[in-house]
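See below for the structure under consideration.
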Amino acid sequence: MTPESSRKIESEVRKGSAGFRESAGRIKRMNHAMWKKAAAGFLLLLGLAAGAGADRYDLLRVSGSVEPKRMRRGQEGVLRLRFRVEPGIRILSQPDFKIEITSSDALSFPKAFYSASDLEMTIVEEEGREYLDMSAGVGIPCTVKLEARSGNHVVRGRVKYFGCDREDGWTMKNKTRFSASFYSSSRVYRR
């Protein structure tokens, strides 16, 4: 072997090893990207599974509306809440059923929270236990604040309750959120 041919072979080996390092770097970057995608996919599936599990425990759904939809400052209205209970579930009247108004920048309410007795909800007795009749819904009186800005507003709140399944014999304390929107004008209501 001549010195020239050995130099040629050494340069080919160096090129090969450099090429090997370059392809190894590409593989490493590819593995890193693949792991990032796999981790993102796993977290997405985990989030979807958690969301599906949360829906499973929504025993009571609440929809809210403010009547009338357009009000003036100082005008009285009603926050209407309608309930939809999952089939086979009953809402207990005792130990606790509470509707809380958590935020309202434009409406004032006589109280911060209301119990079933405050709202005069109908109580139904079945097999020696008392349940609330959720089919009628409730109305909570409210007034637009005099300092309310004109425009769209949102009232938010939550309902705390005990739901039970008579067939399976379990009871669960839970809460569900609601919101309702309305529009207030800049004019003051005159009676």
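Since every read-out is calculated from the coordinates, none of them should be taken as a lab result. This is a predicted model, so every value here is computed, not measured. No Cβ is skipped: glycine too gets one built from the backbone with ideal geometry, and neighbour counts run over all protein chains shown.
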Item to check | Hull volume in cubic angstrom per residue (convex hull over the Cα atoms of the range 60-188) | outcome: 90
Checklist entry - If you plug each phi of the range 178-184 into the Karplus form 6.51 cos²θ - 1.76 cosθ + 1.60 with θ = phi - 60°, what whole-Hz ³J(HN,Hα) values come out, in order, with x for Gly and Pro? => result 9, 8, 8, 10, 7, 10, 10
Checklist entry - How large is the dipole of the range 60-188 about the Cα centre if only Lys and Arg carry +1 and Asp and Glu carry -1, each at its Cβ, rounded to the nearest 20 debye? => result 980
Item to check | Distance between modelled label sites at R129 and S115, nm, 7 Å Cα→Cβ extension | outcome: 2.1
Checklist entry - Which residues' amide hydrogens lie under 5 Å from the amide hydrogen of R166, considering only partners 5 or more residues apart or on another chain, with H built in the peptide plane? => result R90
